[in-house]
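Asker: Sharing a structure here in structure tokens format.
What follows draws every value from the coordinates through simple rules; no lab data is involved. Since the model is a prediction, treat every value here as computed from it, not as a measurement. All Cβ positions, glycine included, derive from the backbone under ideal geometry; neighbour counts span all protein chains shown.
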Amino acid sequence: MVAATHEDIVQIVRILSLSGKYQRPELRNLLRQQFPCAEDIAINRSIDFAMRVWLTMNVREERLHTPHTPTMQWDDVATLEDFVARSFPCTSSTTSTTTLFQLDHTFTTAKICRLTGISIEWTPCLADHLRFDPKFKVLKIYPFKQILLDRIRLLETPNSNSEDNPRSPIPLSVLKETILSLNLLFPHWDSQTANFMLQHHQTFHLEGPFDATRPLSTTDFDHWRNRMLDLYQLFHSPPIGWTQLWADRRNPQQWYTFWLAIVILILTVIFGFISSATSVMQTYYAREAWKLAQAQ
């Protein structure tokens, strides 16, 4: 890697921010003016590092890819803007309405974890936001809300792109949807969420501004819709195990009916056992009484 100082990284970020239409080979040529003796692989690694710091996207070489930590590769064909846009695809507008669901106030991360037994992993890669690993039952959440808010402010400020304030090529819609998802899954007014965040040493749910209303359905998400659908279906899947059955009170009538049936079943077994024991004892004493009568 040719970048050896903080200033080197800042300079690379400045060049990247002004070169959204450039392909990687063109950027290497620009950077070679700063680092004339550097090899392509060293410049590429510096570009990747600068993008990880600037865009919070895990851009690395393919050989560093692992199933638990997927990486992203920017090839020599796509421009920077194309690569970023490809990393956050939009869901097709032809998605069937049967796969769209209403989102209510119970759809929070605290409740999802409690009812499904999944765990949360805080990821520094924005592209991994809401990615669920079914094998390890881990949901990744991008928690850097203030970074998102700052990028939105820069993008919505006219003529804000400068060497001191490089604008992000991440689409504004991605930034806003990510904040929308964080506000939805981590509501600042929810006491269970407050306890959950305290346990995880996070406070981003308190960072405003907040919309007056929550998202009404998964149609409010274009970039994160598929992952929101997966999470919604996981949330509404049947509970597994007695702990989840006890915790799942989304349908109070169903919950009380189920546990009342369990109590009745237990009482039936207990009284059945008592009745059987009583019958055995009665038979025993009757037999003993008969023997005593015969002896007399």
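Asker: Rank Thr106, Phe235, Met281 by how far each Cα sits towards the positive end of the charge dipole of the chain (+1 on Lys, Arg Cβ; -1 on Asp, Glu Cβ) and give me just the farthest.
Answerer: Met281
Asker: In straight Cα distance, which aspartates and glutamates are under 15 Å from Lys21, not counting same-chain residues fewer than 8 positions off?
Answerer: Qualifying aspartates and glutamates at Cα under 15 Å: Asp75, Asp76, Glu81, Asp82.
Asker: While we're looking at this one, here's another question. Region 109-153: which trypsin sites (Lys or Arg not before Pro) are DSSP loop and have at most 10 other beta-carbon atoms within 10 angstrom? Mind dumping the intermediate values first?
Answerer: Numbers: sites: Lys111, Arg114, Arg131, Lys135, Lys137, Lys140, Lys145, Arg151, Arg153; in loops: Arg131, Lys135, Lys137.
Passing both the DSSP loop test and the Cβ count: Lys135.
Asker: In degrees from 0 to 90, rounded to the nearest 10, what is the angle of the helix 172-185 Cα long axis to the longest principal axis of the chain?
Answerer: 20
Asker: With each label point set 7 Å from Cα along the Cα-Cβ vector, what nm distance links His200 and Asn29?
Answerer: Computed distance between label sites His200 and Asn29 equals 4.6 nm.
Asker: Have a look at Thr79, Met51, Asn29 and report the one farthest towards the positive end of the charge dipole of region 4-101, computed about the Cα centre with Cβ charges (Lys/Arg +1, Asp/Glu -1).
Answerer: Met51
Asker: Follow-up question, since we're still on this one. Taking region 8-116, which GluC sites (Glu not before Pro) meet the DSSP loop condition and have no more than 13 other C-beta atoms within 10 Å?
Answerer: Listed in order of number, the matching sites are Glu39, Glu61.
Asker: Now, a different point. Distance in nm between label sites at Leu154 and Leu216, each 7 Å beyond Cα in the beta-carbon direction?
Answerer: My value for the distance between the label points is 3.5 nm.
Asker: Magnitude of the Cβ-charge dipole of the chain, K/R +1 and D/E -1, about the Cα centre, nearest 20 debye?
Answerer: Working: 28 positive and 29 negative charges, 219 e Å.
The dipole magnitude comes to about 1060 debye.
Asker: Pull out the extension gain between Leu172 and Phe271, defined as 0.36 nm times the separation in residues minus the alpha carbon to alpha carbon distance; nm, one decimal.
Answerer: 29.0 nm
Asker: Straight distance only, please: which lysines reach the Cα of Lys111 with their own Cα at less than 29 Å, same-chain residues fewer than 8 apart left out?
Answerer: The qualifying lysines are Lys135, Lys137, Lys140, Lys145, Lys176.
Asker: Still on this structure, please answer the following. Over the chain, with a Gaussian network built from C-alpha contacts below 10 Å, which listed residue (Phe49, Phe273, Phe196) shows the highest mean-square fluctuation?
Answerer: Highest fluctuation among the options: Phe273.
Asker: Want the number for Leu64 to Ala261: 0.36 nm per residue separation, take away the alpha-carbon distance, what's left? Write out the running numbers ahead of the final one.
Answerer: On the way: separation 197, 0.36 × 197 = 70.92 nm, distance 5.36 nm.
Gain on extension, Leu64 to Ala261, equals 65.6 nm.
Asker: A further question on this structure: In deg cm²/dmol and to the nearest 500, what is the mean residue ellipticity at 222 nm of the chain if only DSSP H runs of at least 4 residues count, each as -39500 (n - 2.57), divided by the residue total?
Answerer: -16000 deg cm²/dmol
Asker: Taking all pairs of distinct Cα atoms, average 1/r, flip it, and tell me the Kirkwood hydrodynamic radius of region 6-87 in Å to one decimal place. Provide the component values of the computation, followed by the final result.
Answerer: On the way: mean 1/r = 0.0772 Å⁻¹.
Taking every pair of different Cα atoms in region 6-87, averaging 1/r and inverting gives 13.0 Å.
Asker: Given the options Ser17, Ser279, Ser237, state which has the largest fluctuation in a GNM of the chain using a 10 Å cut-off (strictly under) for Cα springs.
Answerer: Ser279
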